[in-house]
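Input: a single structure, listed below in structure tokens.
The values are calculated or read from the model by the stated rules, or taken from the named source; none is laboratory data. Keep in mind that what you see is a predicted model, and the values were worked out from it rather than measured. Backbone-built Cβ (ideal geometry, glycine too); neighbour counts: all protein chains shown.
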Amino acid sequence: MRRITQEIPQEVILEEKETMARVRSMQGRPASYYIVTYGCQMNAHDSESLEGMLQEMGLRGAPDRTCADFVIFNTCCVRDNAERRALGNVTWLKELKKTNPDLRVAVCGCMIQEPGMADQILRTYPFIDLAFGTHNLYHFPTLFEQMVIRQRRVIEVVNDDLGSVPEELPIVRANPYQAYITIMYGCNNFCSYCIVPSVRGRERSREPGRILEEAEQLRREGVKEIMLLGQNVNSYGLDRENGMTFPQLLREIDGIGIERVRFMTSHPKDLSVELMDVMANGKHICPQLHLPVQHGNNRILKSMNRRYTREAYLEKVRMLRERIPNISLSTDLIVAYPGETEEEFLDTCSLVEEVRYDSAFTFIYSPRTGTPAAKMPGQIDPETASARIQKLIAIQKRITAENFQNYLGQCHQVLVDAPSRRDPRQMSGKNEYNITVNFDGTPDLIGQIVPVTITEARETTLRGTTAEAKHD
Ligand code: SF4
């Protein structure tokens, strides 16, 4: 039976708001916080909610973790090294606690939601004061209050059996010009290597009216670019009665008039012609798409449970380019999936050559306990895996360099973000293709969309010049 998504009841959210007010006036509570975020944009956006709740409770942001009273790690468990990095950093704080016994340490996010992880935290990391999973983020004020009042550790991990979504939580957006909007939570796809459906739960779409209201509010606040987020945005609305589909939602959002609209992630199997048409005809939808292919071989794609073939994927790329000739494509690629032969790996290389992505995130397969692929025979040895990823990276680097040559002389619209990290006399921002562009400019341009003529291609970024700079 199809499950229908519901919002977390208003009374529950109201209780959390009352808790935030209580904590605010509480004597002896932590006065400052620092948030460490790992993983994807969904996690970054969850951290914006955590920050909103912490500020509502009267805490102020600390410049770094060594001078905060409360440090929270928002973790990722998609790959083993992300998990190890998070635990390594948490352990490092144990030393800090010896010199500052009032320091409170919390861990939340996907890692805590993994089966057995909460127990492991209880046993192995006694200095962690608070731990909670992905489904009870909205419950954070209550858990925080319990931690402070009871002076003992609080651990709460729940499963979202109700298929519910939280609304109206406070939020502190990291950037006043670019904003994330979560349109759905969870994933129903169960790719055989992926732990996300276990830790983020089944697909739950937000009510379209709520999303449109949020987008409208962001437009009024002067936000120039929004990114619609979901593990698989293409199946947005399927869990709602008479739900709006993603192409319909995207068309409505385009009509609101925010200058740039992007979205991620798109599962290739659900990328419809209707969506391609909405992208092609939209006024504000960027000509850019992250379309994770993961592998170029049909046997491996089947084993991964991706539910498309190499040919079907390539056909969708062809149809996209037919409608949006300048579209910039990026992807995710996994090498050394269990049982991958050299020939099968070469199929990934040839697919990359054929599609010619502007960029690709390449990963060595990382077994995740509880996923079917982790138990598959033919796990690949580290030397072979390393050789394969090096080869793939080299191919993609060459293609990126060749593609970037085609951008030379073009005028791109750059949303200026900050001074360049390497040279503060330069400004840095993203063009419509989501590629970083650096150019000579001044900080007063931050938050504006500026036309920049591309003059130079670097390994992963572009350099350019503005009309003013040329006239100087
Ligand atoms: S679509 Fe597949 S890879 Fe993406 S989150 Fe869902 S299960 Fe994981």
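Whether any residue in the range 170-177 is basic (Lys, Arg), out of contact with any Cys (no Cβ under 8 Å at 6 or more places or on another chain) and within 16 Å of the ligand (Cβ to nearest atom) is what I want to check. Taking every residue of the range 170-177 in turn, none turns out to be basic (Lys, Arg), out of contact with any Cys (no Cβ under 8 Å at 6 or more places or on another chain) and within 16 Å of the ligand (Cβ to nearest atom). Scanning the range 200-225 for residues that are within 11 Å of GLY257 (Cα to Cα) and surrounded by 19 or more Cβ atoms within 10 Å (Cβ to Cβ), we see that the one that is farthest from the ligand (Cβ to nearest atom) is LYS224. Within the range 304-335, the residues that satisfy the criterion of being out of contact with any Gly (no Cβ under 9 Å at 6 or more places or on another chain), closer than 28 Å to LYS375 by Cβ and not in a helix (DSSP H, G or I) are MET304, ASN305, ARG306, ARG307, TYR308, THR309, THR331, ASP332, ILE334, VAL335.
Within the range 213-236, residues that are outside the structural domain of ASN431 (by TED's automatic domain parsing) have Cβ atoms under 6 Å from residues that are among the polar types (S, T, N, Q) and not in a loop (DSSP other than H, G, I, E, B) in these pairs: GLU225/GLN178; LEU229/GLN41; LEU229/THR182; TYR236/SER205, counting only partners at least 6 apart in sequence or on another chain. Looking only at residues in the range 385-416 that are hydroxyl-bearing (Ser, Thr, Tyr) and surrounded by 15 or more Cβ atoms within 10 Å (Cβ to Cβ), the one that is farthest from TYR357 (Cα to Cα) is TYR407.
The selection criterion, being surrounded by 13 or more Cβ atoms within 10 Å (Cβ to Cβ), within 16 Å of the ligand (Cβ to nearest atom) and in a helix (DSSP H, G or I), holds for ASN43.
For the range 263-294, enumerate the residues that are in a helix (DSSP H, G or I) and either over 22 Å from the mean Cα position of the chain (by Cα) or away from the ligand (no atom under 13 Å from the Cβ) (or both).
Matches in the range 263-294: VAL273, GLU274, LEU275, MET276, ASP277, VAL278, MET279, ALA280, ASN281.
If you go through the range 367-410 and keep only what is more than 30 Å from THR465 (Cα to Cα), in contact with a strand residue (DSSP E or B) (Cβ under 9 Å, 6 or more places away or on another chain) and not in a helix (DSSP H, G or I), you end up with just ILE380.
Each residue in the range 295-342 was checked for being polar (S, T, N, Q) and either away from the ligand (no atom under 16 Å from the Cβ) or touching a helix residue (DSSP H, G or I) at 6+ places or on another chain (Cβ under 7 Å) (or both), and 6 of them qualify.
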